[in-house]
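Read through the structure below, which is laid out as structure tokens, and then see the notes.
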Amino acid sequence: MKVSVVIPVYNEVGTIEEIVSRVQAIHLKKEIIIVDDGSTDGTGERLKEINRDQENVKVFYHLRNQGKGAALRTGFKFVTGDIVIIQDADLEYDPREYRRLIEPILYDRVDVVYGSRFLGGWDRESFFWQRLGNKFLTLLSKVMTGLDLTDMETGYKVFRRQILRVITFKSSRFGFEPEFTAKVAKKGFRVDEVPISYQGRSYAEGKKIKWKDGIVAILAIIWFRFFD
């Protein structure tokens, strides 16, 4: 069994080496696919060094910033593993959770696993509005898809590679999260959640998602339920 870890990256020069190191430390047969989404802060140069020195790492580059969804679509084209793990580059999500995340798939209980921050006790008061927004989006997604999730917006989505053969993703930015959920629900894939830890960072520390992305997510939930 081999896992493909897909990492979309945009302006993460301060964290990219550390996240790759953390992923490499997990004792699983794996490939790491990184897509630099038009970084302008030197991330690309760091990635060239990583790509040169680590043979199980593949790096692809967008000439301009297109968004997380676009970076993931590029990365998905090159996966060869049995299981795909989406990994953000900002150190909010801990690769030490991988074994917990892939276990339900390995035991053929499900096809898709969401790593839920809420089941894991995400309760930092400084992220109150972010948590509230995520809960609202998750509830709206549940109404539209029927999937009983606690954290639709989680960055940790893990799934069988076969899903990429039957689903085409279109969202270029953060609309990817509701699109993914809507489409796996429509196809009838088995979905489950496991609790994960989460170390959220502030906007001052480089967090990129904004309130406008919440509006886009609402529209995406409705669009992919009724029109796509």
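Any read-out appearing in this document is the output of simple, stated calculations on the displayed coordinates, not a laboratory observation. The structure displayed is predicted, hence computed values, not measured ones. So basically every Cβ, Gly included, is an ideal-geometry build from the backbone, and we count neighbours across all protein chains shown.
Just want the ordering: F180, F60, from fewest to most Cβ atoms lying within 10 Å of their own Cβ. If you can, show how the numbers build up before the last one.
On the way: F180 23, F60 16.
With the sparsest Cβ surroundings first, the list reads F60, F180.
Listed here are the pairs K2/K77; K68/K142; K2/K48; K29/K212; which of them are more than 28 Å apart at the Cα? Please report the intermediate quantities before stating the final value.
Working: K2/K77 16 Å; K68/K142 23 Å; K2/K48 24 Å; K29/K212 38 Å.
As for pairs spanning more than 28 Å Cα to Cα, those are K29/K212.
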*With a ≥ b ≥ c the root eigenvalues of the C-alpha gyration tensor of the chain, is it rounded (a/c under 1.5), prolate (a/b larger than b/c) or oblate?*
rounded
*Taking the Cα centre of segment 3-226 as the origin and placing charges on Cβ (Lys, Arg +1; Asp, Glu -1), which of I7, F226, T138 is farthest toward the positive end of the dipole?*
F226
*Just rank I33, I105, fewest to most, by other beta-carbon atoms within 10 angstrom.*
I105, I33
*Using a simple charge model, +1 on the beta-carbon of Lys and Arg, -1 on the beta-carbon of Asp and Glu, nothing else, what dipole does the chain show about its Cα centre, in debye to the nearest 20?*
740
*Fewest-first ranking of I222, I7, using other Cβ atoms within 10 Å as the exposure measure*: I222, I7
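Nearest 500 deg cm²/dmol is fine: what mean residue ellipticity at 222 nm does the chain get from its DSSP H runs of n ≥ 4 alone, each adding -39,500 (n - 2.57), divided by its residue count? Write down the numbers at each step before the final one.
On the way: 8 runs with 87 residues, N = 228.
Taken over the chain, the calculation gives -11500 deg cm²/dmol.
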